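The structure under discussion appears below in the form of structure tokens.
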2 protein chains.
Amino acid sequence: MTTSIEWVAVDWGTSNLRAWGLGAEGDIVASAGSDKGMGKLAPGQFPAALTDVLANLPLPAGPVEVLVCGMAGARQGWMEAPYLDAPADLLDLAGRAVRPPMGDMPLSVSILPGVCQRQGGENVMRGEETQLLGLSELVPGYAGIVCMPGTHSKWAVLNGTHIARFTTAMTGEMFDLLKTHSVLRHSLSGPLDDAERDDGFDSGAREGLNHPEDLLGRLFKVRAGMLLSDRSPPWSAGYLSGLLIGTEIAANRNQFGTDPVPLIGSTVLCRLYARVLDMAGASGRPIDATEAVLAGLRLAHARLHQGKSS
Amino acid sequence: MTTSIEWVAVDWGTSNLRAWGLGAEGDIVASAGSDKGMGKLAPGQFPAALTDVLANLPLPAGPVEVLVCGMAGARQGWMEAPYLDAPADLLDLAGRAVRPPMGDMPLSVSILPGVCQRQGGENVMRGEETQLLGLSELVPGYAGIVCMPGTHSKWAVLNGTHIARFTTAMTGEMFDLLKTHSVLRHSLSGPLDDAERDDGFDSGAREGLNHPEDLLGRLFKVRAGMLLSDRSPPWSAGYLSGLLIGTEIAANRNQFGTDPVPLIGSTVLCRLYARVLDMAGASGRPIDATEAVLAGLRLAHARLHQGKSS
């Protein structure tokens, strides 16, 4: 006998929307998703995008509770959920959720806020804070720096459910920009060759780790290497990726020691970051991003109900 | 009485083509140009693009000599002029010019090579080497670092006509990429306000000068500053420009002392770089880029004829 869905957890990012129907014990009963991320929706289109996805889940009759994290709560999203200010206890995310009016739809929706930092370097996150909250359950008692590789990588200092401060590195977006739109694009497109790519990656990562101040200068070596040394596209793509990640990790070098740094992100990215952390004399501890966001949504959901019954 | 055109000097870049009809003393008799840069031409289209521009100059009857520098000599240009290898004497550019076949057209065309660096950091330039050669005439005996701000800024170590080594920083292209294609574009477009822009520029330049290793991290402050502090588009555009230029200058800080650094580039860019050099405890000495390239073409032209008559 399968359990029935008690509530729905949703991670609504810029590019995608993912929904999990969860049972009474927080177990996943069913999941569904779509590419209707915030970037493709006007505010009025969010309710229909959500019901389209929920139609793929075996929902019980009657009203269903939906807890959302991510860009749906941005100013240009469904309904703005004003930031929680760091330093903060991430358990307080639940109490700051906003509830968009649903008319006669049988859905009770709560959208969690992101976290901002106004002092010591303005910064914002939406979605990652829920993964960080989840980390407090996946790695109980963890205190230290956490790295979340991605389009906009986040580095956060965590102590249990408490976030002290964080930064953002535009590493992934920079790679995409350079590969798609820059003069370097001529050196980067071609057949894949993993060995050449790995070789280029290590070469770039070493340069980034050793000369993070010279990123603007080292980038052009992608083009010069093709013109002068017949560097192949996979080597050049690896070099560029390694250079950017090496630069990012070097800039954060004073935030970690030799203890493993939790890495929350895609498997591929976490492997690359772990490789460069090794080169920097440290190590990485990959954490599955989906497990982290689900753990965070479960904690926030429990907190929401604890708050209501108190 | 006006002098007549003895030969034509051409600076053929990626975006534009500029031609000057020069008299016997190297004086400018007339000039013309078009937007038919290398980026818009297939190799076979170069002769017609040149004659279209030359039709606007009062050329003498009979064959005319044309000396070209810049991207026309690139592999993807008109005819490849293989690089001169640094370290090198820039007077040797003339002897390495290539001569594309012109059929029965009454033009005798020579295309100067660029300069490459194979040891100590692969690098290439095409066009800037002729400006550097010109600098040896505009600032006789200059020895030291030269900065050439632009889409791909060059930093070259010069001693008279001798180039020891050089680097390239993708600063200008990075600004354009981020302004046009990145998530930061939302924070950058709006009405101009020079005072706000200057304020943002100084703030970004200070951060770049002090933390060049953290460029990837500081970029996102453009977005966070808009979201959290209502930073205006001109302030944000100034901040981004200052951050990038400050980072570039900090990365080259060990190459200059307190002596003025020659700056060859557009008036606007040279003013910004001079401002940041001041903040870094040094100073800049703006040199007009057109004067520099013309001086270089004149020197190369003289060398070409000196070589022929010897």
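The values are calculated or read from the model by the stated rules, or taken from the named source; none is laboratory data. Since the structure is predicted, the reported quantities are computational estimates derived from the model, not experimental observations. Cβ coordinates were reconstructed from backbone atoms using ideal geometry, including for glycine residues, and neighbour counts include every protein chain displayed.
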Please go through the range B:1-12 and pick out each residue that is within 23 Å of B:E128 (Cα to Cα) and either of a type in the set (V, I, T) or surrounded by fewer than 19 Cβ atoms within 10 Å (Cβ to Cβ) (or both). B:V8, B:V10
Output the residues belonging to the range A:67-82 that are within 29 Å of A:A24 (Cα to Cα) and crowded, with 18+ Cβ neighbours inside 10 Å. A:L67, A:V68, A:C69, A:G70, A:M71, A:A72, A:G73, A:W78, A:A81
The conditions are (1) buried (at least 20 other Cβ atoms within 10 Å of the Cβ); (2) more than 14 Å from chain B (Cβ to nearest Cβ), and A:L192 fails exactly one of them. Which is it? (1)
Out of A:D202, A:D198, A:D176, sole residue that is within 14 Å of another protein chain (Cβ to nearest Cβ) and assigned to a helix (DSSP H, G or I): A:D176
Candidate set from the range B:255-268 (those that are buried (at least 21 other Cβ atoms within 10 Å of the Cβ) and not β-branched (V, I, T)); member that is modelled with the lowest pLDDT: B:F256
Name, by its number, the condition in (1) buried (at least 16 other Cβ atoms within 10 Å of the Cβ); (2) more than 22 Å from A:P286 (Cα to Cα) that does not hold for A:N210. (1)
Restricting attention to the range A:100-110, does a residue exist that is more than 28 Å from A:G44 (Cα to Cα) and touching a strand residue (DSSP E or B) at 6+ places or on another chain (Cβ under 8 Å)? no
Residue set B:A274, B:A224; condition more than 16 Å from B:L178 (Cα to Cα), aliphatic (A, V, I, L, M) and either crowded, with 18+ Cβ neighbours inside 10 Å or away from chain A (no Cβ under 14 Å) (or both); output residue B:A274
Taking the condition touching a residue at least 40 places away in the same chain (Cβ under 8 Å), in a helix (DSSP H, G or I), surrounded by fewer than 21 Cβ atoms within 10 Å (Cβ to Cβ) and away from every other protein chain (no Cβ under 14 Å), does B:R303 pass? yes
Is one or more of the residues making up the range B:125-144 polar (S, T, N, Q), over 28 Å from B:V64 (Cβ atoms) and in contact (Cβ under 8 Å) with a residue 24 or more places away in the chain? no
Test A:V139 against the criterion of being buried (at least 24 other Cβ atoms within 10 Å of the Cβ), more than 8 Å from chain B (Cβ to nearest Cβ) and within 20 Å of the chain's Cα centre (by Cα), and give yes or no. no
Among B:A274, B:A224, the single one that is in contact with a Cys (Cβ under 8 Å, 6 or more places away or on another chain) and either in the same structural domain as B:S187 (by TED's automatic domain parsing) or not hydrophobic (A, V, I, L, M, F, W, C) (or both) is B:A224
Looking for whichever is out of contact with any strand residue (DSSP E or B) (no Cβ under 7 Å at 6 or more places or on another chain), within 30 Å of B:G296 (Cα to Cα) and not in a strand (DSSP E or B) here; the options are B:P191, B:P140. Which one fits? B:P140
Considering every residue within the range B:114-123, establish whether at least one is buried (at least 19 other Cβ atoms within 10 Å of the Cβ) and without any contact (Cβ under 8 Å) to a residue 12 or more places away in the chain. yes
Selection within the range A:227-244 - within 10 Å of another protein chain (Cβ to nearest Cβ) and either among the small types (G, A, S) or closer than 14 Å to A:M174 by Cβ (or both): A:S229, A:L244
Go through the residues of the range B:84-96 one by one and say whether even a single one is within 13 Å of chain A (Cβ to nearest Cβ), within 17 Å of B:L158 (Cα to Cα) and of a type outside the set (A, V, I, L, M, F, W, C). yes
List the pairs whose first member sits in the range B:168-194 and is over 24 Å from B:I264 (Cα atoms), whose second member is polar (S, T, N, Q) and part of a helix (DSSP H, G or I), and whose Cβ atoms are under 6 Å apart, counting only residues at least 6 apart or on separate chains? B:S187/B:S236; B:L188/B:S236
In the set A:V146, A:V157, A:V261, which member is touching a Cys at 6+ places or on another chain (Cβ under 7 Å), within 20 Å of A:E129 (Cα to Cα) and more than 11 Å from every other protein chain (Cβ to nearest Cβ)? A:V261
B:H186 passes all but one of (1) modelled with pLDDT under 95; (2) away from chain A (no Cβ under 12 Å); which number fails? (2)
Out of B:M71, B:M79, report the one residue that is within 14 Å of another protein chain (Cβ to nearest Cβ) and under 21 Å from the mean Cα position of the chain (by Cα). B:M71
Out of everything in the range B:143-157 that is touching an Asp or Glu at 6+ places or on another chain (Cβ under 7 Å) and assigned to a strand (DSSP E or B), what residue ends up being nearest to B:V268 (Cα to Cα)? B:M148
Looking at the range B:245-274, which of its residues are aliphatic (A, V, I, L, M) and over 18 Å from the mean Cα position of the chain (by Cα)? B:A250, B:A251
Tally up the residues in the range B:251-267 that are farther than 14 Å from B:S153 by Cα and in a helix (DSSP H, G or I), please. 4
Scan the range A:117-132 for residues that are modelled with pLDDT under 95 and either of a type outside the set (S, T, N, Q) or under 28 Å from A:A295 (Cβ atoms) (or both) and jot them down. A:G120, A:G121
